[in-house]
Amino acid sequence: MMKKILSLLIVLLIITGCAPDEVLTVDPETYESLSVDELEEKLIDSRVDKLEGQVFYNIFPKSFADSNGDNRGDIEGITLSLDYLDNLGIKGLWLNPIHPSPTYHRYDVTDYLAVDPELGTIDDFVELIEQAHEREMVVIMDMVLNHSSSSHPWFQKAINGEEPYVDYYRIVKDEDFTSDLYPNREGWYHLENKGIWYYAAFWSEMPEFNADSVELRIEFRKILKYWLDLGVDGFRYDAAYHLYDSAEAEIRTPTMQRNQQFWLEMKDYVKSINPEAYVVAEVWSDSKTVQAYSSGFDSLFNFDFATKVLEGVNRGQPLEILTSILNHQRAMTERNPNFLDAIFLSNHDQPRVMTVFGNDRNKMNLASSILLTMPGNPYIYYGEELGYLGNKPDEQIREPFLWGEGSRVTTPLWEPIKFNTNTADVQAQQQDSNSLYHHYRSLIHIRHENEALLKGEMSFLNISSNVLAYERTSENQRMVALHNFSNQRFVFDFNHEGRVVFQTKAGSFFNKQVVIEPYESILIEVND
Ligand SMILES: [Ca+2]
Ligand SMILES: [Ca+2]
């Protein structure tokens, strides 16, 4: 199929004599449509070692930091917050969408080559990238390639039958939209006056793209190149699993292989611009499904990790966490030996962790201590380090970030704070050495300063059914992490030399005996 599309493209280029300028910027001459196998082989050595194990921070731009007092978060606000993030130990930023959009979350984009004016300008974004790089921090941006806004000019042209845009979306004429070919009409919307149906799985105003269109794929390349050329370090792809989903095409159209091919092709393209660029994707599904996508990205969010850690900590049962993580990470490297796991506790689509834990600081300490000592890139959702609370609807899991008096930026109060009225702000937590902020900060720094935690292999230790225990080993270092899930002090003999490098309570390691207090996490560097 792709070979056909390629030939069609070449024919089109010949017919039109020369390609429009904007097409030439991505050079259609080199447009390759290889198969999944060919792409996997080509990309087998692709890797981004420099980011291995480092901690990322996920910013929801409208809610994070306001630089100009209009109560809306903006990009300059993020730039002015870089010292805060640097001090916390953050090495990478993931920004939720910054493109122009009619909604506050901006997951429905109207212009992929611009910054929403509410957030600032392209220059502001370039400044953010440059200042982040000065602090050895990378910046990745959300990229929503499954759907656009219904207000995107492409869609407006498409519903009026304009070429090539009509082919950019899943649009079917009334007469072709038969129940034989489209038995399941969920997610399909009828525009009676246009005589067409279009597909929009998430919301009527988010029409889904038709990635079979070569012209669209070239638009995507232009977009990716544009931001890479501006200095962005990579992308977080939204809804990667839904690029081709089962309801959007004619019945029995295979989807998995097409998804794999599409994302491998995008990865190949991004790496051709910058081999060091990093791509991470959202495939919100079970481990088995996620595994099919491991070669298409450097990294994928590990939703199973979040579920298992939250459930395990809540129920006081560490064992399932162990098997799940080991199995997942082993499976992910089968097709992509350089795969980096992206682990997290929650994100902008999920209830706040502290709310899941019923505001229990012990559980919060345990879960975050696990997150920050495991292999992979831990992602922290802004506010998690302050113990943010929040539950659906979505606006309330994206509440404004509490900077407190005396910060360089102000809290963007675009919506009333409901869940975090009693949450201590940045200033207060920085002054309190027992705050959750300091817990996060200490552990992030320890992670980055210790090779075993950053890049070491992981194996589990069988100590007790109440204690999650594992070791991380690198060439020159061995680190043991112990997390006591119970309300009982736990004492055991540990026949090694070493020292405690981190503890959340009064645990100790002395005379070959380890003591862990209830709900405590400790880290021991083993010296023999
Ligand atoms: Ca603002
Ligand atoms: Ca789709």
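For the range 106-210, list the strands (runs of 3 or more DSSP E) that sit wholly inside it and hold at least 2 residues that are closer than 30 Å to G77 by Cβ, touching a Leu at 6+ places or on another chain (Cβ under 9 Å) and away from ligand 2 (no atom under 14 Å from the Cβ); which are they?
Values: elements: 138-143, 171-173, 188-191, 196-199.
By residue number, 138-143.
Residues that are part of a loop (DSSP other than H, G, I, E, B) and of a type in the set (G, A, S) within the range 336-381 comprise S346, G358, G376, listed in sequence order.
This table checks each residue for (1) in contact with a helix residue (DSSP H, G or I) (Cβ under 6 Å, 6 or more places away or on another chain); (2) assigned by TED's automatic domain parsing to the domain that holds S346; (3) buried (at least 21 other Cβ atoms within 10 Å of the Cβ).
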position: M374; (1), (2), (3): no, yes, yes
position: Y381; (1), (2), (3): no, yes, yes
position: W403; (1), (2), (3): yes, yes, yes
position: I417; (1), (2), (3): no, yes, no
position: D432; (1), (2), (3): no, yes, no
position: H438; (1), (2), (3): no, yes, no
position: H445; (1), (2), (3): no, yes, no
position: S464; (1), (2), (3): no, no, no
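Could you check, for the range 61-76, whether at least one of its residues is farther than 30 Å from G187 by Cα, outside any loop (DSSP other than H, G, I, E, B), open to solvent by 20 Å² or more (accessible area, probe 1.4 Å) and away from ligand 1 (no atom under 16 Å from the Cβ)? Checked the range 61-76: no residue is farther than 30 Å from G187 by Cα, outside any loop (DSSP other than H, G, I, E, B), open to solvent by 20 Å² or more (accessible area, probe 1.4 Å) and away from ligand 1 (no atom under 16 Å from the Cβ). Scanning the range 309-324 for residues that are open to solvent by less than 70 Å² (accessible area, probe 1.4 Å), touching a residue at least 60 places away in the same chain (Cβ under 8 Å) and not small (G, A, S) returns V309, V313, P318, I321, L322.
For every residue, the table says whether it meets (1) outside any helix (DSSP H, G or I); (2) not small (G, A, S).
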position	(1), (2)
R221	no, yes
L224	no, yes
A247	yes, no
N259	no, yes
Y269	no, yes
V279	yes, yes
I321	no, yes
R330	no, yes
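Within the range 187-196, can one find any residue that is in contact with a Lys or Arg (Cβ under 9 Å, 6 or more places away or on another chain), more than 20 Å from D245 (Cβ to Cβ) and in the same structural domain as L228 (by TED's automatic domain parsing)? Checked the range 187-196: no residue is in contact with a Lys or Arg (Cβ under 9 Å, 6 or more places away or on another chain), more than 20 Å from D245 (Cβ to Cβ) and in the same structural domain as L228 (by TED's automatic domain parsing). For the range 466-505, what are the residues that are basic (K, R), open to solvent by 70 Å² or more (accessible area, probe 1.4 Å) and more than 24 Å from G312 (Cβ to Cβ)? R499, the sole residue that qualifies.
The values are calculated or read from the model by the stated rules, or taken from the named source; none is laboratory data. Source: prediction; values computed, not measured. Ideal geometry is used to build each Cβ from the backbone, glycine not excepted, and the neighbour counts take in all protein chains shown. Surface areas here come from the heavy atoms of the whole protein model, side chains and all, with no ligands, DNA or RNA. Shrake-Rupley method; radii C 1.70, N 1.55, O 1.52, S 1.80 Å.
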